[in-house]
Amino acid sequence: MTESKKLDDGVVLYTVSREKISFSAMNLGCTITNLFVPNKTGGKTDILLGYDTLDGWKKGTEAHNAIVGRVANRIRGAAGHPH
């Protein structure tokens, strides 16, 4: 099952669930905000680091769980890091 919830500033939170596993992601940096998996007691546990509020995600300095950065393809003259 897939659900969506509008937050603010055009940010949408999408939640996908199937049987005992679910995850949520938002369109702010294509960030996975939660990943719930079964725990030993039969409940669900969120196994990702992150913030509890949208404001935390916006002001946070870390790109926890982001698939693409908030500035992906928006930095003029950027170059990749040498390996």
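The values are calculated or read from the model by the stated rules, or taken from the named source; none is laboratory data. All values reported here derive from a predicted model rather than from experimental measurement. Here the Cβ is made from the backbone with ideal geometry for all residues, glycine too, and neighbour counts use every protein chain on show. When the accessible area is computed, the model is the full protein with side chains, heavy atoms only, and any ligands, DNA or RNA have been set aside. Shrake-Rupley method; radii C 1.70, N 1.55, O 1.52, S 1.80 Å.
Mind checking which residues of the stretch 64-76 are loosely packed, with under 13 Cβ neighbours inside 10 Å and either modelled with pLDDT of 75 or more or of a type in the set (Ser, Thr, Tyr) (or both)?
Selection gives Ile67 alone.
Looking at Lys58 and the list (1) at pLDDT below 90; (2) basic (Lys, Arg); (3) open to solvent by 70 Å² or more (accessible area, probe 1.4 Å), which single condition is not satisfied?
(3)
Only residues in the stretch 1-28 that are within 16 Å of Lys44 (Cβ to Cβ) count as the first member; pair them with residues that are exposed (fewer than 11 other Cβ atoms within 10 Å of the Cβ) and among the hydrophobic types (A, V, I, L, M, F, W, C), Cβ under 8 angstrom, at least 6 apart or cross-chain, and list the lot.
Matching pairs, first to second residue: Val16/Met1; Ser17/Met1; Arg18/Met1.
Which members of the stretch 29-48 meet the condition of being of a type in the set (Val, Ile, Thr) and touching a residue at least 24 places away in the same chain (Cβ under 8 Å)?
Thr31, Ile32, Thr33
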